[in-house]
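Below is one structure, written out as structure tokens; comments come after it.
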Amino acid sequence: MTREEIHWDRTAPKPPQCETLNEDIRVDVVVVGAGLTGLRAAISLAEAGTDTAVIDAQKIGYGSSGRSGGQCNPIWRATPDALREKFGAEQGDRLIQTTLTAGDDLFDDIRRYDVECEAEQNGWLQAAHTKAARKGLETLHSAWAAEGAEIAVLSKNDAHSAVGSGAYDFALYHAKGGFVQPLGLTRGYARAAQKAGARLFDKAPAQSITRKGSQWEVTTPGGKILCDNVVLTTNAYTDDLWPKLRQTMVPMVSIALATAPLSPEQQATVLPGRKTISDTRLAIYFARYDADSRLIFGCVGSDDQSVGAWGGHARLRNGLHTVFPQLKDIEIECTWSGRIGVTDDMMPRLHEPAPGVFAGLGFSGRGIAMTSVMGRALARKVLGGSNGELPFPVSTITPIPFHSISRRMVPLMAPSMSLHDKASVIWDRIFASR
């Protein structure tokens, strides 16, 4: 039986030394959540001279930031015109322009802060699993290319060659995409935040946030933190610390496996060029290499406590063998899972629910690039930036309707989405044979 172990824990650089919070302290800003968003915000805040503390209930990168596939997929599922219609012309334009540079901005950050995270910007393949999905990608391509995005269309033969698989007859190639070791990136951001002057405290869960005159008090088991501003960046691991924030998204699950290192011969036939790939299934398949040429392959899961729950192991292996049948005999070294914060429109949320309290969450599978965008935006807002300067609109906390029912249904979502995907493929083949 393949052991359940987060692969990134095996290969990431050692974590930075954190402090233990065992007394009351006073700072300018408390960041709750030591993942990519919170740590990137802390870097900018500390660089601006703000006295910043970052706290986390677990270790640095325990949540989504240390469990994701690590793929930089820097284009939204929505078209630019859809974003303008949703957010308004000016806000939409800011978000579009930020999106166009998000990939480069991430890899520039990695170089600027000398982050050891196995970063490779070799591009991202977005593959259509049916003809109907192909039409959607064609629309996405024409819309974003018109805005200046570097996206190429790969027809059947080129898609087969780029992926190393006959599973997809059409794909888009996003030149600005790539991948990172996500836990390495998180720990690298933590070191950069410390170097800039931020204080990091792990195993310090925030238990309450209360108003104290013109300031805020964050209570933890080891001590209280008095501050002017609180930044909430707990994403899919958000609890009831702030009213109704948890209900703005559904914590879906990503599951993944790591193969044994591929031989040079296998690498020549599986994602040659070391690009990343994700497809258009509802129970999405994604894959990329790590620095030692293991293939990381993942899909949507049902439970973040066990990859094998609700057929997760079988779904992973079936997906791997569907996309890359040449790897049917490859050893699987480990499997793991983690939560993804998914909003109802698949777009992140930036909130200011009270003066001096800010939150950024809900990246819906676009977290590697967009958490850095959000982190910088949150820091800008704390430092006095106007809403008109931000890539994301500042919105009211609005719970998803029937949220409690949606949360209880999460374990059923992956099997039902997988069945839908299988049906769509069968229908596509029937239609093609007519």
Review point. For labels at Lys195 and Asp240 in the simple 7 Å Cα→Cβ model, what's the distance in nm?
Key: 4.2
Check your understanding: For the stretch 243-339, what % of the accessible area comes from carbon and sulfur atoms, probe 1.4 Å?
Key -> 53
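Let's see if you can work this out: charge +1 on each Lys and Arg Cβ, -1 on each Asp and Glu Cβ, no other charges. What is the dipole magnitude of the chain about its Cα centre, in debye to the nearest 20?
On the way: 47 positive and 47 negative charges, 158 e Å.
That gives the chain a dipole magnitude of about 760 debye.
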Practice item. Could you state how much accessible area Arg274 has, in square angstrom rounded to the nearest 10, with a 1.4 Å probe and all protein chains kept in place? Key: 50
**Study point:** Rg/Rh for the stretch 48-108, where both radii come from Cα atoms and Rh is the Kirkwood radius
**Key:** 1.11
Point to revise | Span per principal axis, largest first, for the Cα atoms of the chain (Å) | key: 72, 49, 43
**Study point:** C-alpha center-to-center spacing [the stretch 75-138, the stretch 246-288] in angstrom
**Key:** 17
Check your understanding: Length gain on complete extension for the stretch Leu282 to His321, per 0.36 nm per residue less the alpha carbon to alpha carbon distance?
Key -> 12.2 nm
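Among bridges DSSP assigns within the chain, what percent are antiparallel (round to 5)?
The antiparallel proportion sits near 65 percent.
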Check your understanding: Any idea what log10 I(q)/I(0) is at q = 0.14, 0.20, 0.28 Å⁻¹ for the stretch 240-294, Debye with uniform C-alpha scatterers and no solvent?
Key -> -0.56, -0.81, -1.17
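In percent, what relative contact order does the chain have, based on Cα pairs under 8 Å that are 6 or more apart in sequence?
24
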Practice item. Would you calculate the separation in nanometres between label points at Ala132 and Ala291, each defined as 7 Å from the Cα along the Cα-to-beta-carbon direction? Key: 4.3
Point to revise | Residue-count net charge about Phe402 - beta-carbon cut-off 13 Å; Lys, Arg +1, Asp, Glu -1 | key: +1
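So for the stretch 141-285, averaging the separation of alpha carbon pairs under 8 Å that are six or more residues apart and normalising by length, what relative contact order in percent results?
Values: 122 pairs, mean separation 27.3, N = 145.
Contact order relative to length: 19 percent.
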Review point. How much mean residue ellipticity at 222 nm does the chain get from its helices, if each DSSP H run of length 4 or more adds -39500 (n - 2.57) and you divide by all residues, to the nearest 500 deg cm²/dmol?
Key: -11000 deg cm²/dmol
Check your understanding: Leaving out ligands, DNA and RNA but keeping every protein chain, what accessible area does Asp81 have, in Å² rounded to the nearest 10, with a 1.4 Å probe?
Key -> 110
Check your understanding: Relative contact order, percent, of the stretch 1-129 when contacts are C-alpha pairs under 8 Å separated by at least 6 residues?
Key -> 20
Exercise for review: Distance between Cα centroids, the stretch 356-434 to the stretch 162-232: provide it in whole Å.
Suggested key: 17
Check your understanding: What do the square roots of 5 times the Cα gyration tensor eigenvalues come to for the stretch 129-224, in whole Å, largest first, as semi-axes of the equivalent ellipsoid?
Key -> 47, 18, 15
Point to revise | More than 21 angstrom apart: percent of Cα pairs within the stretch 269-388 | key: 52
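Quick check: net charge around Asp105, other residues with Cβ under 13 Å of its Cβ, Lys/Arg +1 and Asp/Glu -1?
On the way: positive: Arg40, Arg111, Arg112, Lys176, Arg376; negative: Asp104, Asp108, Asp109.
The answer is +2.
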Review point. Using only the Cα atoms of the stretch 288-328, what do you get for the radius of gyration and for Dmax, in Å?
Key: 11.3, 31
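Over the chain, with the other protein chains present, what is the accessible area per residue in square angstrom, probe 1.4 angstrom?
Numbers: 17480 Å² over 434 residues.
Using a 1.4 Å probe on heavy atoms only, each residue of the chain averages 40 Å².
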Study note, to complete from the structure: Rounded to the nearest 0.05, FRET efficiency between Arg112 and Arg211 (Cβ-Cβ, R0 30 Å) equals 0.20
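If you take the Cα Rg of the stretch 146-188 and divide it by 2.2 N^0.38 Å, with N the number of residues, what do you get? Each step should come with its number before you reach the end.
Working: Rg = 14.3 Å, N = 43, 2.2 N^0.38 = 9.2 Å.
Ratio of Cα Rg to 2.2 N^0.38 Å: 1.56.
The values are calculated or read from the model by the stated rules, or taken from the named source; none is laboratory data. It should be emphasised that the depicted structure is a prediction, and the values quoted were computed from it without experimental measurement. Reconstructed Cβ throughout: ideal geometry from the backbone, glycine too, with neighbour counts over all protein chains shown. Protein only, heavy atoms only, side chains kept; ligands, DNA and RNA dropped before computing areas. Shrake-Rupley method; radii C 1.70, N 1.55, O 1.52, S 1.80 Å.
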